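Participant: Take a look at the following structure, please.
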Amino acid sequence: MSEAYEQAWRDSIDQPEHFWSQAARSVEWISPPARCFDEAQGWYPGASLNTCANCVDRHVAAGRGDATALIYDSPVTGTVRAYSYAELLDEVGRVAAMLASLGLAKGDRVVLYMPMIPQTVFAMLACARLGALHSVVFGGFAPLELAKRIDDAAPRLVLTASCGIEGARTIAYKPLVDEALRLAAHAVDHVVLHQRDTGPVAELSSPRDLDWDTLRAATAGDPAPAPVEVASADPLYVLYTSGTTGTPKGVVRDNGGHAVALAWSMANIYGIGAGDVFWAASDVGWVVGHSYIVYAPLLVGAATVLFEGKPVGTPDPGTFWRTIARHGVKTFFTAPTAIRAVRKEDPEATFLNQIGTGQCQAIFLAGERADPDTIGWLEDKSGLPVIDHWWQTELGWPALASCAALGDLRRKRGSAGFPVPGYEFAILDESGHQVPTGQSGAVALRSPLPPGVFRTLWNNHAGYAKNFATFPGWYETGDAGFIDEDGFVHIMGRTDDIINVAGHRLSTGQMEQIVAAVDGVAECAVIGADDAIKGMIPVAFVVPRAGAGSEQALHDAVIKAVRSELGAVAALKTAYVVPALPKTRSGKTLRNLLRKIVNGEDAPTPPTIDDPAVPAMLLARVRAHEEV
Ligand code: COA
Ligand code: AMP
C-alpha cells in the first residue's frame, strides 16, 4: 500500500474542509473560497471563477501560450492538427463572439450535436466562457432522443456539423437535427451549422439556420468576450444519461467543485501536469469526453488528444498505439470493449509489437466491467500497468481507482481498485446494513459526496433526491458489488435495468417501452446478454398479438423501431418472437431467467413460475437461432 494514498484518503474523510481547501488552490478563482462545503449551497459557497479562463486564458497569461493544448487526430479524414494554448484562446474567443452576437448569455443553454472535431471543443469552452450551459448529445442518438433533450434543456441554440464520420460510414447530421426540432415542442432561436470539408454539403433549410463560417466572418471584428464570472455552484453543463425510464436524466455539473476535483484527479490519479500529453479515447458525448478529453487536461495545462476514429478499422487495430506513440501520450484511457475489439483483430498484438507505446506509462480502463482476461492480455502485450477504475456520469470523476500518481499501483484483476480520496464506500443489504466482507450488495457512497459530483438533475430535483432515499445518508450508485478481504472493491453489474453496450450506457426499460409500442406486440422484455466484444448487448423477447403477421416482419419492425427511436448506438440486433414469456404466478416477468437462458447459463426453473414449460421452449428457440 502507498502511504501517500492512505494519508490522502484519510485526510479527505477526516478533514474534508482542509483537504478540499488545499486542492482548491490549483484553481484560479475570481473570488477565492473562504470555506469548502455547505449542504445548501454546495462546494465552495461564495466563491466565483470562470472554468474556460482556468482551462485556457490562465495558461497563456502564465507564458505558456506556445504549449500544445489540443491535438486533433482524425484517421477518418487523414488530418492531424495541433493547437497551442494561444491558438485555442483565439478559437474559443471567436466562437464565444459568434454565440454572444446571437444574444447568448449567462444561464442560457446550448445543445451540441457534433462529431469529434475541434469546433466541438471550442464551442464547449465558449459556452463556459459566457456562463452558458452546454448540453452535448452523443451522435449515435436518434432524432427523438435529441428532441427529448432539447425539450428538457430548452436551449436557445443548437450547434451542429454537416456530418459525423463513423468508421467507413458518413452520417449527415443536419437532417437528424431538423427532424429532432420538428419533433420537439421547444423552438430554438438558431441552428448554427459547421460545414465540414469532407462529406455531404448540408442544407440551410430555414431562416433559423446559420452557417458557422459566415457567422464567424461576420463577427470577426467583434472583441472576444471576456470570461464571465460565475458562482462556484452555478451550472457548467447538463449532460443527459440513461435512467431507468424512457426519460433521460440531465446531470448538472457545477463550475467550482468540478474544476477542483478534475485538477486533483489529473495530478493524483493519472499523474498528468502541464506539458504532459493525455489521451482519453472516448467521445465528447459521454462524461469521459467531458471530463477527460476537454476539461481536466486543459485545467492542468496538459495537451489533450481529440481522436476521431475507432479502435479498429481506422485504418487498422494499430491505430491506438500509433496515436499514443506519435503524440507522446503519457497516460491513456479507454474502455475495455475497445481493447477487446483490438484483440479480436490482432490477437498476437503484432501492431503493438511493431509500433510500441512510446512514452506511455499507464493505461486506464473504465465505462464497464473490465474482464480479467482482457486486462491480462493488455498488460502482457503492452508491459504497462493496466488500471481498471470506476465511476459514473453522476460522479463526473473516478470514485474507485489505483491512485497511480500517489504511488498506489495495487491491482487485482476483476476489481476497480480502492476508494479515491473523497469517497467512502459501503456495500449494503436491502435494509441498509453493511454486509460482511466478500458478500455482494448494493454499492453506496457516503453523503455528502466530494466536489465535482452532481448535486441536482436538470428540472428534476426530486429525481436527484431519490438517489439518496433508499439508504439515508448514502448515495445509491445503482451498481452491485463487494469488497474483498484485501479491501479491493469489485463492481459486478447493475441493480437496475441499465446496461453498458460497448461502454455506452443504455436502459433496457426504455427499449422495452419502444418495443411494446410496436404494432403487433402483445408483450415484451428486453434484457442485457453477455457479448464477447461489447460486454453486453440488448436482446428482445416479443410475444405477438393474435393475427400480428409473420414472425420475420415483427422481428424487423422491433429492430427498426429501436434503431429509429433510440438510435444506432442501442445495437439491438436480436428479437425472439415467442409464444410466451416466463412469468411468476403473480405476473412478473422473470428477466433474470431470460438473461441466463440467452447467456447459456444453468437456469433452474424458479418455484414461483407460472408455466414450467416456458423456459425449455425459450432455450430451444435461442439454441436454434445460434445454430443458424
Ligand atoms: N454517431 C452516429 N452513429 C454512431 C456513433 C456516433 N457518434 N457512435 C456509434 N454509432 C453507431 C455505429 O455506427 C453503429 O451503427 P451500425 O449498427 O449501423 O453499425 C452503432 O452506433 C453501434 O456502435 P458501436 O457500439 O460503437 O459499435 P461498433 O460495432 O461500431 O464498434 C467498438 C464497436 C467496440 C469498436 C466501439 O463501440 C468502441 O470503440 N467502443 C468504445 C466506446 C467508448 O469509448 N465509450 C466511452 C466509455 S469510456
Ligand atoms: P456512465 O454513467 O455512462 O459512465 O456509466 C456508469 C456505469 O458504468 C456504472 O454505474 C457501472 O455500472 C459501469 N461502469 C463504469 N466503469 C466501470 C468499471 N470500471 N467496472 C465496472 N462497471 C463500470
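Participant: Answer yes or no as to whether A132 is more than 16 Å from ligand 2 (Cβ to nearest atom), surrounded by fewer than 24 Cβ atoms within 10 Å (Cβ to Cβ) and among the hydrophobic types (A, V, I, L, M, F, W, C).
Facilitator: Taking the combined requirement at face value, the residue does not satisfy it.
Participant: Turning to a different aspect of this structure: Could you grab me the full set of residues in the range 304-334 that are free of Cβ contacts under 8 Å to residues at least 40 places away in the same chain, more than 23 Å from K534 (Cβ to Cβ) and either within 16 Å of ligand 2 (Cβ to nearest atom) or of a type in the set (A, V, I, L, M) (or both)?
Facilitator: A325
Participant: For the range 363-388, which positions are more than 18 Å from H490 (Cβ to Cβ) and either within 21 Å of the chain's Cα centre (by Cα) or β-branched (V, I, T) (or both)?
Facilitator: Within the range 363-388, just I363 meets the criteria.
Participant: Assuming D197 fulfils every condition listed in (1) crowded, with 18+ Cβ neighbours inside 10 Å; (2) in contact with a Ser or Thr (Cβ under 8 Å, 6 or more places away or on another chain); (3) not aliphatic (A, V, I, L, M) apart from one, which condition is it?
Facilitator: (1)
Participant: While we're looking at this one, here's another question. Quick check: is even one residue across the range 154-172 part of a helix (DSSP H, G or I) and away from ligand 2 (no atom under 16 Å from the Cβ)?
Facilitator: No, there is no match, as no residue in the range 154-172 is part of a helix (DSSP H, G or I) and away from ligand 2 (no atom under 16 Å from the Cβ).
This table checks each residue for (1) within 18 Å of W397 (Cβ to Cβ); (2) in contact with a strand residue (DSSP E or B) (Cβ under 7 Å, 6 or more places away or on another chain); (3) of a type in the set (F, W, Y); (4) surrounded by fewer than 18 Cβ atoms within 10 Å (Cβ to Cβ).
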{"residue": "I427", "(1), (2), (3), (4)": "no, yes, no, no"}
{"residue": "E430", "(1), (2), (3), (4)": "no, no, no, yes"}
{"residue": "G438", "(1), (2), (3), (4)": "no, yes, no, yes"}
{"residue": "F468", "(1), (2), (3), (4)": "no, yes, yes, yes"}
{"residue": "P472", "(1), (2), (3), (4)": "no, no, no, yes"}
{"residue": "Y475", "(1), (2), (3), (4)": "yes, yes, yes, no"}
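Participant: Hey, another quick one. Is there a residue being touching a Phe, Trp or Tyr at 6+ places or on another chain (Cβ under 9 Å), within 16 Å of ligand 2 (Cβ to nearest atom), in the same structural domain as E39 (by TED's automatic domain parsing) and in a loop (DSSP other than H, G, I, E, B) anywhere in the range 361-384?
Facilitator: no
Participant: Could you look through the range 284-329, keep only residues that are within 15 Å of ligand 1 (Cβ to nearest atom), of a type in the set (A, V, I, L, M) and part of a loop (DSSP other than H, G, I, E, B), and pick out the one that is nearest to the chain's Cα centre (by Cα)?
Facilitator: Of everything passing the filter in the range 284-329, V284 is nearest to the chain's Cα centre (by Cα).
Participant: Let me ask another. Can you confirm whether the range 192-204 contains a residue that is over 29 Å from the mean Cα position of the chain (by Cα), in the same structural domain as G103 (by TED's automatic domain parsing) and not β-branched (V, I, T)?
Facilitator: yes
Participant: If you take the residues in the range 23-73 that are in a strand (DSSP E or B) and among the aliphatic types (A, V, I, L, M), which one is surrounded by the fewest Cβ atoms within 10 Å (Cβ to Cβ)?
Facilitator: Checking each candidate, the answer is I71.
Participant: Please work out if K412 is of a type in the set (K, R) and away from ligand 2 (no atom under 16 Å from the Cβ).
Facilitator: Against the criterion (of a type in the set (K, R) and away from ligand 2 (no atom under 16 Å from the Cβ)), K412 does not qualify.
Participant: Search the range 92-109 for residues that are among the hydroxyl-bearing types (S, T, Y) and pair each with any residue that is assigned to a helix (DSSP H, G or I) when their beta-carbon atoms are under 9 Å apart and the residues are at least 6 apart or on different chains.
Facilitator: Close Cβ pairs (under 9 Å, with a partner that is assigned to a helix (DSSP H, G or I)) amount to S101/L215; S101/A218.
Participant: Condition check: in the same structural domain as C127 (by TED's automatic domain parsing) and either part of a strand (DSSP E or B) or crowded, with 20+ Cβ neighbours inside 10 Å (or both). Does G250 satisfy that?
Facilitator: Yes, satisfied.
Participant: I need the full set of residues from the range 51-91 which are among the β-branched types (V, I, T) and more than 16 Å from A303 (Cβ to Cβ), in order please.
Facilitator: Those that are among the β-branched types (V, I, T) and more than 16 Å from A303 (Cβ to Cβ): T51, V76, T77, T79.
Conditions (1) within 16 Å of ligand 1 (Cβ to nearest atom); (2) of a type in the set (D, E, K, R); (3) in contact (Cβ under 8 Å) with a residue 12 or more places away in the chain; (4) under 16 Å from N54 (Cα atoms), marked per residue:
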site	(1), (2), (3), (4)
D197	no, yes, yes, no
R208	no, yes, yes, no
D213	no, yes, yes, no
T247	no, no, yes, no
V251	yes, no, yes, no
A259	no, no, yes, yes
A263	no, no, yes, yes
S282	yes, no, yes, no
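Participant: Give the number of residues within the range 488-508 that are small (G, A, S) and more than 9 Å from ligand 2 (Cβ to nearest atom).
Facilitator: 2
Participant: Show me the strands (runs of 3 or more DSSP E) entirely contained within the range 518-605 in which 2 or more residues are within 25 Å of P248 (Cα to Cα) and within 16 Å of ligand 2 (Cβ to nearest atom).
Facilitator: The strands (runs of 3 or more DSSP E) meeting that bar are 521-531, 535-544.
Participant: Kindly check whether there is at least one residue in the range 205-225 that is at pLDDT 95 or above, assigned by TED's automatic domain parsing to the domain that holds G93, under 25 Å from the mean Cα position of the chain (by Cα) and of a type outside the set (D, E, K, R).
Facilitator: Looking through the range 205-225, none of the residues is at pLDDT 95 or above, assigned by TED's automatic domain parsing to the domain that holds G93, under 25 Å from the mean Cα position of the chain (by Cα) and of a type outside the set (D, E, K, R).
Participant: Return the pair list, or none, for Cβ contacts closer than 9 Å from residues in the range 593-616 that are within 15 Å of V542 (Cα to Cα) to residues that are aromatic (F, W, Y), at least 6 apart or on different chains.
Facilitator: Pairs found: L594/F541; V598/F541; V598/Y576.
Participant: Also: Give all pairs with beta carbons closer than 7 Å in which a residue from the range 529-550 that is of a type in the set (F, W, Y) meets a residue that is in a strand (DSSP E or B); count only pairs at least 6 apart in sequence or on separate chains.
Facilitator: Once the first residue is of a type in the set (F, W, Y) and sits in the range 529-550, its partners that are in a strand (DSSP E or B) give F541/C524; F541/A525; F541/Y576.
Participant: E91 - would you say it is buried (at least 20 other Cβ atoms within 10 Å of the Cβ) and assigned by TED's automatic domain parsing to the domain that holds D178?
Facilitator: yes
Participant: Within the range 265-280, restricting attention to residues that are buried (at least 24 other Cβ atoms within 10 Å of the Cβ) and farther than 14 Å from A404 by Cβ, which residue is nearest to ligand 2 (Cβ to nearest atom)?
Facilitator: A280
Participant: Condition test on G600, is it surrounded by fewer than 16 Cβ atoms within 10 Å (Cβ to Cβ) and in contact with a Gly (Cβ under 7 Å, 6 or more places away or on another chain)?
Facilitator: No: the conditions fail for G600.
Participant: Answer yes if at least one residue in the range 132-142 is at pLDDT below 95, out of contact with any helix residue (DSSP H, G or I) (no Cβ under 7 Å at 6 or more places or on another chain) and not in a helix (DSSP H, G or I), and no otherwise.
Facilitator: For the range 132-142, residues at pLDDT below 95, out of contact with any helix residue (DSSP H, G or I) (no Cβ under 7 Å at 6 or more places or on another chain) and not in a helix (DSSP H, G or I): present.
The values are calculated or read from the model by the stated rules, or taken from the named source; none is laboratory data. Computed from a predicted model, the values in this text were never measured in an experiment. For neighbour counting, all protein chains shown are included, and Cβ atoms are generated from backbone atoms with ideal geometry for every residue, glycine included.
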